[in-house]
Amino acid sequence: MKYDFDRVISRTESDSAKWNLKPLYGNEDVIPMWVADMDFPIARPITEALRKRTEHEFYGYSYTRTSLLEAVVSRMQKKYSWKIEPEWVVFTPGVIPALNVAIRAFTHPGDEVILQDPVYHPFWSTVEQNGCRTVANPMLLNHGRYQFNLDDLEKKFSGREGMRSASRIKLMILCNPHNPVGRVWTTQELTTVGKTIISHDAVMISDEIHCELLYKGQQHVPFASISREFEQNSVVCQGDSKTFNLAGVPASTIIIPNAKLRHAFNNTRSGILPQPDIFGMVALEAAYREGDEWLAQVLGYLQHNLDFTLAFFKERIPRLTVIKPEGTYLVWLDCRNLGLDNMALRAFFREKARVGFDDGYIFGPSGAGFQRMNIACPRALLEEALKRIESAVNHL
Ligand SMILES: Cc1ncc(COP(=O)(O)O)c(C=O)c1O
């Protein structure tokens, strides 16, 4: 069927965190383009599956169906030619809860975790909440494209400027595709960074929640699919919440091929982090089995939104520079030219442009002077937001 993503559907009465405008901004005349969910209705087969399940009026304790595991196994094979075993798959109600469990399971208090800077902001607090320290590995920005900083990574392991004797780095949390900078890391890049991590006996947690949201010509490579060695030293986090816009019925797919790591994860979660609920599981299976027609249309729409955004900034708001994303519907906007500090930049976008972005500095020290904008909305809203920014910049 053909979906109409141009239609603006009000979400203000639907418990949407994104559209809770008054508490967020103090007024309702702000276009919210922050948290990563899409202003598009979900795939019809998912709605149908949920409806069918709600009509069976028993919501008791549930188990994981074999057919759901099969759907996950066959999606990994179909999308990435990655053969996984059903027993490697663990389901959680969200990726962030899984990251919390993984940190507790694989570290001791006081250990260190490498994060790229900038990166999805809850990574920083998640590490610290679990008694570990974050070690920032700032990325390099070369000609508008972010890259891993391998020299810095190696230095972090060997002890910064002689300040530490032995590294306590036990994990790296990788974001691929990267939120907020939009990179889809290549096999070569992943191989180099992975070898460094593994050679220092650290484990890679690869957050791949945005892995199916790719622009033309891009291919996602699950970290663990690269080699048997990578498979045995990593945890891959995927799921339906970004791709199929299901963050409110969370069911994440955490793939842990190494039995020792998987048992540690399961022991740590026991009694604390439950399985996703029935609706999360039903939605996930419907998404993986029947959501692809919808997804193809969403990806086409996002590509147009991105092309429109890139052209608009280039032609009409050249003082701001867009870091062109390869994946995700999140656009990283370099606003350093405006010469505003973090608080002034925040006020400028919220009060003068009347658009609700995420402030770059929350993603780490290297995010200062940037803003993150979510372009997964009907074109009319996107165009209105861009016009507001153009007018505000012209009046600065
Ligand atoms: C990279 C990344 N990881 C995790 C999450 C949140 O995942 P969940 O809602 O499944 O906990 C997001 C949400 O935007 C994200 O961008």
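The values are calculated or read from the model by the stated rules, or taken from the named source; none is laboratory data. These figures come from a predicted structure and were not determined experimentally. Glycine gets a Cβ as well: all are built from the backbone with ideal geometry, and neighbour counts include every protein chain shown.
Can you find a residue that is touching a residue at least 12 places away in the same chain (Cβ under 8 Å), touching a helix residue (DSSP H, G or I) at 6+ places or on another chain (Cβ under 9 Å), assigned to a helix (DSSP H, G or I) and of a type outside the set (S, T, Y) anywhere in the stretch 241-251?
Within the stretch 241-251, not a single residue is touching a residue at least 12 places away in the same chain (Cβ under 8 Å), touching a helix residue (DSSP H, G or I) at 6+ places or on another chain (Cβ under 9 Å), assigned to a helix (DSSP H, G or I) and of a type outside the set (S, T, Y).
Report yes if S125 is surrounded by fewer than 19 Cβ atoms within 10 Å (Cβ to Cβ) and either in a loop (DSSP other than H, G, I, E, B) or outside the structural domain of S227 (by TED's automatic domain parsing) (or both), otherwise no.
The answer is no for S125.
Is it true that some residue in the stretch 300-317 is outside any helix (DSSP H, G or I) and under 21 Å from the mean Cα position of the chain (by Cα)?
Residues of the stretch 300-317 outside any helix (DSSP H, G or I): 317.
Then drop every residue that is not under 21 Å from the mean Cα position of the chain (by Cα), which leaves none.
No, the stretch 300-317 contains no residue that is outside any helix (DSSP H, G or I) and under 21 Å from the mean Cα position of the chain (by Cα).
Tell me the residue from V73, V89 that is within 16 Å of the ligand (Cβ to nearest atom) and in contact with a helix residue (DSSP H, G or I) (Cβ under 8 Å, 6 or more places away or on another chain), please.
Working: V73 fails: within 16 Å of the ligand (Cβ to nearest atom).
Of the residues listed, the single one that is within 16 Å of the ligand (Cβ to nearest atom) and in contact with a helix residue (DSSP H, G or I) (Cβ under 8 Å, 6 or more places away or on another chain) is V89.
Can you spot a residue in the stretch 256-266 that is part of a loop (DSSP other than H, G, I, E, B), of a type in the set (K, R) and touching a residue at least 60 places away in the same chain (Cβ under 8 Å)? So that I can check it myself, show each step before the final result.
So in the stretch 256-266, the residues part of a loop (DSSP other than H, G, I, E, B) come out as 256-258.
Still in the list and also of a type in the set (K, R): none.
Checking the stretch 256-266: not a single residue is part of a loop (DSSP other than H, G, I, E, B), of a type in the set (K, R) and touching a residue at least 60 places away in the same chain (Cβ under 8 Å).
Of all residues in the stretch 249-261 being of a type in the set (G, A, S) and more than 15 Å from A286 (Cβ to Cβ), which is nearest to the ligand (Cβ to nearest atom)? Before you say what the answer is, go through the steps one by one.
Here is the first cut: in the stretch 249-261, the residues of a type in the set (G, A, S) are 251-252, 259.
Narrowing the set further to residues that are more than 15 Å from A286 (Cβ to Cβ) leaves 252, 259.
Numbers: S252: 5, A259: 25 Å.
The residue in question is S252.
Inspect all residues belonging to the stretch 47-56 and state whether any of them is assigned to a helix (DSSP H, G or I), crowded, with 18+ Cβ neighbours inside 10 Å and not assigned by TED's automatic domain parsing to the domain that holds S241.
Restricting attention to the stretch 47-56, the residues satisfying the condition of being assigned to a helix (DSSP H, G or I) are 47-55.
Still in the list and also crowded, with 18+ Cβ neighbours inside 10 Å: 49-50.
Next cut, not assigned by TED's automatic domain parsing to the domain that holds S241 only: 49-50.
Checked against the condition, which is being assigned to a helix (DSSP H, G or I), crowded, with 18+ Cβ neighbours inside 10 Å and not assigned by TED's automatic domain parsing to the domain that holds S241, the stretch 47-56 yields at least one hit.
Which residues, counting only those in the stretch 185-237, are assigned to a loop (DSSP other than H, G, I, E, B) and within 15 Å of L171 (Cα to Cα)?
Within the stretch 185-237, the subset assigned to a loop (DSSP other than H, G, I, E, B) is 185-186, 200-202, 208-213, 215-222, 226-227, 233.
Once the filter is applied, which keeps residues that are assigned to a loop (DSSP other than H, G, I, E, B) and within 15 Å of L171 (Cα to Cα), the stretch 185-237 yields H200, D201, A202, N233.
Residues that are in a helix (DSSP H, G or I) and charged (D, E, K, R): does the stretch 357-373 have at least one? Show your work before the answer.
At the first step, the residues of the stretch 357-373 found to be in a helix (DSSP H, G or I) are 360-363, 365-367.
If we keep only those that are charged (D, E, K, R) as well, we get none.
No - not one qualifying residue is present in the stretch 357-373.
Return the only residue of I278, I255 being crowded, with 19+ Cβ neighbours inside 10 Å and more than 21 Å from the chain's Cα centre (by Cα). It would help to see each step written out before you state the result.
Numbers: I255 fails: more than 21 Å from the chain's Cα centre (by Cα).
None of the others qualify; the one that does is I278.
Give all pairs with beta carbons closer than 6 Å in which a residue from the stretch 27-41 that is in a loop (DSSP other than H, G, I, E, B) meets a residue that is among the β-branched types (V, I, T) and away from the ligand (no atom under 14 Å from the Cβ); count only pairs at least 6 apart in sequence or on separate chains.
That search, which allows pairs on different chains as well, returns M33/V355.
Taking the condition out of contact with any strand residue (DSSP E or B) (no Cβ under 6 Å at 6 or more places or on another chain), at pLDDT below 95, among the hydroxyl-bearing types (S, T, Y) and surrounded by fewer than 21 Cβ atoms within 10 Å (Cβ to Cβ), does S167 pass?
Numbers: out of contact with any strand residue (DSSP E or B) (no Cβ under 6 Å at 6 or more places or on another chain): yes; at pLDDT below 95: yes; among the hydroxyl-bearing types (S, T, Y): yes; surrounded by fewer than 21 Cβ atoms within 10 Å (Cβ to Cβ): yes.
In short, yes.
Give me the pairs: first residue in the stretch 318-347 and in a helix (DSSP H, G or I), second residue of a type in the set (V, I, T) and more than 15 Å from the ligand (Cβ to nearest atom), beta-carbon distance under 8 Å, and six or more apart or on different chains, which are they?
N337/T321; L338/V393
When the stretch 199-248 is examined, which residues are found to be within 11 Å of the ligand (Cβ to nearest atom) and more than 30 Å from S14 (Cβ to Cβ)?
I205, S206
Being part of a loop (DSSP other than H, G, I, E, B) and within 11 Å of the ligand (Cβ to nearest atom) is the filter here, so list the residues in the stretch 172-184 that pass it. I'd like the intermediate steps shown before the answer.
Initially, the stretch 172-184 is screened for residues part of a loop (DSSP other than H, G, I, E, B), giving 176-184.
The answer is N176, P177, H178, N179, P180.
Going through the stretch 196-220 one residue at a time, which ones are free of Cβ contacts under 8 Å to residues at least 60 places away in the same chain and more than 19 Å from the chain's Cα centre (by Cα)?
Filtering the stretch 196-220 down to residues free of Cβ contacts under 8 Å to residues at least 60 places away in the same chain leaves 196, 198-201, 204, 206, 208, 217, 219.
Selection gives T196, I198, S199, H200, D201, G217.
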